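The values are calculated or read from the model by the stated rules, or taken from the named source; none is laboratory data. Predicted, not measured: the structure shown is a model, and the values here were computed from it. Glycine also receives a Cβ, built like all others from the backbone with ideal geometry; neighbour counts cover every protein chain displayed. These accessible areas exclude ligands, DNA and RNA; they are computed on the full protein's heavy atoms, side chains included. Shrake-Rupley method; radii C 1.70, N 1.55, O 1.52, S 1.80 Å.
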Amino acid sequence: MNPFPKLLEGSLIDTKHVESAAIFVARTGDVRAASNITFGPEQTQTFLDAFKQVNVTRQRGLDFRSKHYTCVRADKHSIYTKCEGHGLILVRTALYVIVATYSQNMYPSICVEAVEKLAEYLREKGN
C-alpha cells in the first residue's frame, strides 16, 4: 500500500495553507503521490537540477506553470520561491522531493512549516 497520498492529504492539504502537493523519487523522478497538481519528467528534472545548482537557483529562480518564481531561499535541502502572491516550496530528503504550492489567500509560513515537518518525518523513517 502506498502511504504517500494519505501523507500529502493529512499533513499538507488539510492545513488549508497548501494548495497542491506532490512527492517524487529523487533518483528516478517517479511521482509517488500528487494532490491537485500534475507535472511531467521535464519539470521533475528542473526541480532536481535546482538542488544541484542552488547558487544558480538563488540568482535565477524557477519556472513553473508558465510563470517565473523568484527564489527566497535555496540550500541543499530546501528551495522556497514566490510569484505574485503564489509560492512554490521544494524540500528534498535522501530519497524524495516534496513539492508544494500556496496561493494568495494562504499563509506561506504555514505551508513551509507543514512541508518541512513532512520532510523531517520522512527523514526519521530513513527516507
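Of all residues in segment 83-96, those satisfying the criterion of being touching a residue at least 24 places away in the same chain (Cβ under 8 Å), touching a Phe, Trp or Tyr at 6+ places or on another chain (Cβ under 6 Å) and not β-branched (Val, Ile, Thr) are Gly87, Leu88, Leu90, Arg92. For the condition free of Cβ contacts under 8 Å to residues at least 24 places away in the same chain, open to solvent by 30 Å² or more (accessible area, probe 1.4 Å) and either within 27 Å of Gly126 (Cα to Cα) or not polar (S, T, N, Q) (or both), Arg32 does not qualify.
When restricted to residues that are over 13 Å from the mean Cα position of the chain (by Cα), β-branched (Val, Ile, Thr) and surrounded by 17 or more Cβ atoms within 10 Å (Cβ to Cβ), segment 1-29 contains 1. Being loosely packed, with under 12 Cβ neighbours inside 10 Å and β-branched (Val, Ile, Thr) is a condition met by no residue of segment 84-94. Residue pairs whose Cβ atoms lie under 8 Å apart, separated by 6 or more positions or on different chains, with the first residue in segment 1-19 and on the phi > 0 side of the Ramachandran plot and the second not in a helix (DSSP H, G or I), are Lys16/Met106. Just give me the residues in segment 97-107 being touching a residue at least 60 places away in the same chain (Cβ under 8 Å) and open to solvent by 30 Å² or more (accessible area, probe 1.4 Å), in sequence order. Correct list: Met106, Tyr107.
Only a single criterion out of (1) part of a strand (DSSP E or B); (2) without any contact (Cβ under 8 Å) to a residue 60 or more places away in the chain; (3) open to solvent by less than 40 Å² (accessible area, probe 1.4 Å) is not satisfied by Thr57, namely (1).
Matching residues to (1) in contact with a Gly (Cβ under 6 Å, 6 or more places away or on another chain); (2) closer than 22 Å to Thr38 by Cβ:
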residue	(1), (2)
Thr57	no, no
His77	no, no
Glu84	no, yes
Leu95	no, yes
Gln104	yes, yes
Leu118	no, yes
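In segment 60-75, the residues that are open to solvent by less than 40 Å² (accessible area, probe 1.4 Å) reach residues that are of a type in the set (Gly, Ala, Ser) and assigned to a loop (DSSP other than H, G, I, E, B) with C-beta atoms within less than 6 angstrom, at least six apart or across chains, in these pairs: Tyr69/Gly61; Cys71/Gly61. Of the numbered criteria (1) aromatic (Phe, Trp, Tyr); (2) open to solvent by 90 Å² or more (accessible area, probe 1.4 Å); (3) within 20 Å of Arg123 (Cα to Cα), the one Phe51 fails is (2). Would you pick out the residues in segment 11-42 that are part of a strand (DSSP E or B) and within 14 Å of Gly87 (Cβ to Cβ)? The answer is Ser20, Ala21.
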